[in-house]
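Please read the structure below before turning to the comments.
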Amino acid sequence: MTRIVLHEAFSGSNCGPCAPAADNISAALADQSGEYAMLKFQIGSDPYITREAVRRRMFYLPGEESYGIPWVVADGIHEFHPNDMDHGGVYTPEDFDALAVLPAYLVVDVSMTLTGQTVDIAVELYPTVDIAGEDLRLMVAIKELTTFNNVGSNDQTEFHDVLKKFVPNDSGTPLDTLIAGEATTHDLQFVFQGSYDTEAGYASQVDHATAHTVEDFSNLAVVAWVQDLDSWEVFNAGEAGGHYGRDVKSDDDSQDVLGLA
């Protein structure tokens, strides 16, 4: 079974080291299509900072009151600075390979349907062994594949795989023990409200109850993963859209986007 390595990358458009970090991550993953899922959290003073994104960064820093960027967490338990790995260099394909060879015993199959500003998501989980945890959760996030309006001072002109919203939130959906050979399906929906928030920023973060920061609804994708929030271990991930490819249609159409795992 293929392990889809979840990368949670914490970055920001006004963070100088975050620009080369993005390049290093992209270079390391250039030939790994279909073997990873990427989710980037634009925080710091990035215009697309959200409370969910900051909480997710602090989730991996228990007891701390501040955070640093850039930073990457892979599969919940492997953390690193992509510009300064333990081996003294940058994140490389060989570093990725060391993560990808770890065994996985869960298929996370994701599909999404986009109708206007409504995203319907279906996640099927199929374990080949029993999977239990102290606090097992299904985590689901909607991301935008490319954004431009959050340009800052670090010379990046576009940003990829940017978190738009956790569904239902960054606490995820509690799961019972997953039983070997038994598939379970989980249906979720999120409706982006209102119109694009042109004033979104560090001091005025988007309020999803009334507005959004989606630049192009046809450019959305979904990442899902199963994680024990106690141990932080990610059992496997899946994605609809994104690095698995998709047909882009007008956001006036209803479209199905299938993911692979």
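In whole angstrom, how long is each semi-axis of the equivalent ellipsoid of the range 74-209, when you take the square root of 5 times every eigenvalue of its Cα gyration tensor and sort them from largest down?
For the range 74-209, the ellipsoid semi-axes come out as 29, 26, 13 Å.
Which net charge results when you count Lys and Arg as +1 and Asp and Glu as -1 among the other residues whose beta-carbon is under 10 Å from that of residue 108?
Combined, the nearby Lys, Arg, Asp and Glu give -3.
Please give the contour-minus-distance gain from residue 2 to residue 64: 0.36 nm per residue of separation, less the Cα-Cα distance, rounded to one decimal in nm.
Contour length minus the Cα-Cα distance gives 18.9 nm.
Go through the range 171-246 and name the GluC sites (Glu not before Pro) that are in a DSSP coil and have 11 or fewer other Cβ atoms within 10 Å of their Cβ.
Qualifying residues, ordered by number: 182, 199.
Top mean-square fluctuation among 177, 118, 50, Gaussian network model of the chain, C-alpha springs under 10 Å?
In the Gaussian network model the winner is 177.
Which FRET efficiency value, to the nearest 0.05, do you get for residue 77 and residue 198 by plugging their Cβ-Cβ distance into 1/(1 + (r/R0)^6) with R0 = 41 Å?
With R0 = 41 Å, the Cβ-Cβ based efficiency is 0.60.
Calculate, axis by axis, the spread of Cα positions in the range 7-156 along the three principal axes, and write the results as whole Å, longest axis first.
Reported extents, whole Å, longest axis first: 45, 44, 37.
Mind checking the full-extension length gain between residue 186 and residue 92? Use 0.36 nm per residue of separation minus the Cα-Cα distance, one decimal, nm.
Extra length from residue 186 to residue 92 when fully extended: 30.4 nm.
In whole angstrom, note down how far apart the Cα centers of the range 15-40 and the range 111-147 are.
Here the answer is 21 Å between Cα centres.
Mind jotting down the three principal axis lengths of the chain based on Cα atoms? Whole angstrom, largest first.
The Cα atoms of the chain stretch 49, 49, 37 Å along the principal axes, largest first.
Excluding same-chain residues fewer than 8 positions from residue 165, which aspartates and glutamates have a Cα within less than 17 Å of its Cα?
By straight Cα distance, residue 165 reaches 8, 46, 52, 120, 144, 187, 197, 207, 215, 216, 239.
Using the Karplus curve 6.51 cos²θ - 1.76 cosθ + 1.60 with θ = phi - 60°, what ³J(HN,Hα) values do you get for each residue of the range 3-16, in whole Hz, with x for Gly and Pro?
Ordered by residue, 3J(HN,Hα) equals 7, 8, 6, 6, 10, 9, 10, 9, 8, x, 6, 10, 9, x Hz.
Would you kindly derive the ³J(HN,Hα) couplings of the range 64-70 from the backbone phi angles with the Karplus curve 6.51 cos²θ - 1.76 cosθ + 1.60 (θ = phi - 60°), listing them in order in whole Hz, with x for Gly and Pro?
Karplus values, whole Hz, x for Gly and Pro: 8, 10, 9, 9, x, 9, x.
A short reminder: the numbers here are calculations on the coordinates, not readings from a lab. Since the model is a prediction, treat every value here as computed from it, not as a measurement. Here the Cβ is made from the backbone with ideal geometry for all residues, glycine too, and neighbour counts use every protein chain on show.
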